[in-house]
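The values are calculated or read from the model by the stated rules, or taken from the named source; none is laboratory data. Everything numeric here is computed off the predicted structure, so don't read it as measured data. Here the Cβ positions follow ideal geometry from the backbone for every residue, glycine too, while neighbour counts run over all protein chains shown.
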Amino acid sequence: MQTLKVLKDELIVILVAAGPVLELRAAIPLGIAMGFTPVQSTILSIIGNLIPVPILLKILKPLFDYLGRTKMFGKIAEWIKQRTLKKSEKVEKYRALGLFLLVAIPVPSTGAWTGCLAAALFDIEFKYSFPAITAGVVVAGLIVFILSNQVVAFM
């Protein structure tokens, strides 16, 4: 029974990290609060955050192109594009390096999902965008790990 509980808890951390908005910025502290060590929580969160990346990189551009042409979702798709483009000036200028920086700095409205959307909007090829986003996720995970570890040590 204990093994099932641990697997369930691991899955929760992975799913929070894989989802949009919260990503690993929330998943790492959540995992620590659930009883995982900071290292375990960080590893689970990085894995979870990376799971949707290849899928998103492949489907976001065609999806947004399609949604942009529909009457029902056109305005929402355009709003999301404009919001992402405002946050992605460095991506446009520096391409993969800018994508890495966008993902690596763990602040609200940045992360793997935003990085994938920016890569799609700026037509950054998968062979450049995937490694940049992966490296960004790892760095963001390490930053959140360090911050979370300091809080745990302080308590």
- Message: Quick check on region 59-68. Is at least one of its residues charged (D, E, K, R) and loosely packed, with under 13 Cβ neighbours inside 10 Å?
- Response: yes
- Query: How many residues are of a type outside the set (D, E, K, R) and within 22 Å of L99 (Cβ to Cβ) if we restrict to region 68-86?
  - Reply: 7
- Item | Hits in region 118-135 - residues which are on the phi < 0 side of the Ramachandran plot and assigned to a loop (DSSP other than H, G, I, E, B) | F122, I124, E125
- Looking at (1) at pLDDT 95 or above; (2) loosely packed, with under 13 Cβ neighbours inside 10 Å; (3) of a type outside the set (D, E, K, R); (4) in contact with a Lys or Arg (Cβ under 9 Å, 6 or more places away or on another chain), which is the one condition that is false for A140? (2)
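May I ask you to say which residue of E10, E78, E92 is of a type outside the set (S, T, Y), assigned to a helix (DSSP H, G or I) and closer than 22 Å to F126 by Cα? First the steps, then the outcome.
Details: E10 fails: closer than 22 Å to F126 by Cα; E78 fails: closer than 22 Å to F126 by Cα.
Result: E92 is the single residue among E10, E78, E92 that is of a type outside the set (S, T, Y), assigned to a helix (DSSP H, G or I) and closer than 22 Å to F126 by Cα.
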- Message: Against the conditions (1) buried (at least 17 other Cβ atoms within 10 Å of the Cβ); (2) of a type outside the set (A, V, I, L, M, F, W, C); (3) out of contact with any Pro (no Cβ under 8 Å at 6 or more places or on another chain); (4) at pLDDT below 95, where does P108 fall short? Just the number, please.
- Response: (1)
- Message: Is it the case, given these coordinates, that P29 is free of Cβ contacts under 8 Å to residues at least 12 places away in the same chain and in a helix (DSSP H, G or I)?
- Response: no
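For region 83-95, indicate whether the set of residues that are closer than 19 Å to A132 by Cβ, of a type in the set (A, V, I, L, M), surrounded by 15 or more Cβ atoms within 10 Å (Cβ to Cβ) and under 14 Å from the mean Cα position of the chain (by Cα) is non-empty. Let's see the steps before the verdict.
Here is the first cut: in region 83-95, the residues closer than 19 Å to A132 by Cβ are 84-85, 87-95.
Still in the list and also of a type in the set (A, V, I, L, M): 85, 91.
Still in the list and also surrounded by 15 or more Cβ atoms within 10 Å (Cβ to Cβ): 85, 91.
After this cut, where a residue has to be under 14 Å from the mean Cα position of the chain (by Cα) as well, the list is none.
No, region 83-95 has no match at all.
Of all the residues that make up region 44-55, how many are assigned to a helix (DSSP H, G or I) and surrounded by fewer than 19 Cβ atoms within 10 Å (Cβ to Cβ)? Don't jump to the end; show me each part of the working.
The first filter runs over region 44-55 and keeps only residues assigned to a helix (DSSP H, G or I), leaving 44-50, 53-55.
Next cut, surrounded by fewer than 19 Cβ atoms within 10 Å (Cβ to Cβ) only: 47, 54-55.
Adding up the residues that qualify gives 3.
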- Message: Give all pairs with beta carbons closer than 9 Å in which a residue from region 3-21 that is at positive phi meets a residue that is in a helix (DSSP H, G or I) and hydrophobic (A, V, I, L, M, F, W, C); count only pairs at least 6 apart in sequence or on separate chains.
- Response: V21/W113
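Of the residues that make up region 65-80, is at least one among the basic types (K, R) and either under 15 Å from the mean Cα position of the chain (by Cα) or closer than 24 Å to V138 by Cα (or both)?
To start, the set of residues in region 65-80 that are among the basic types (K, R) comprises 69, 71, 75.
With either under 15 Å from the mean Cα position of the chain (by Cα) or closer than 24 Å to V138 by Cα (or both) added as a condition, the list becomes none.
No, region 65-80 has no match at all.
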- When both residues are 6+ apart or on different chains and their Cβ atoms are under 8 Å apart, which pairs have a first residue that lies in region 56-81 and is within 20 Å of G19 (Cβ to Cβ), and a second that is of a type in the set (S, T, N, Q) and surrounded by 13 or more Cβ atoms within 10 Å (Cβ to Cβ)? L57/S129
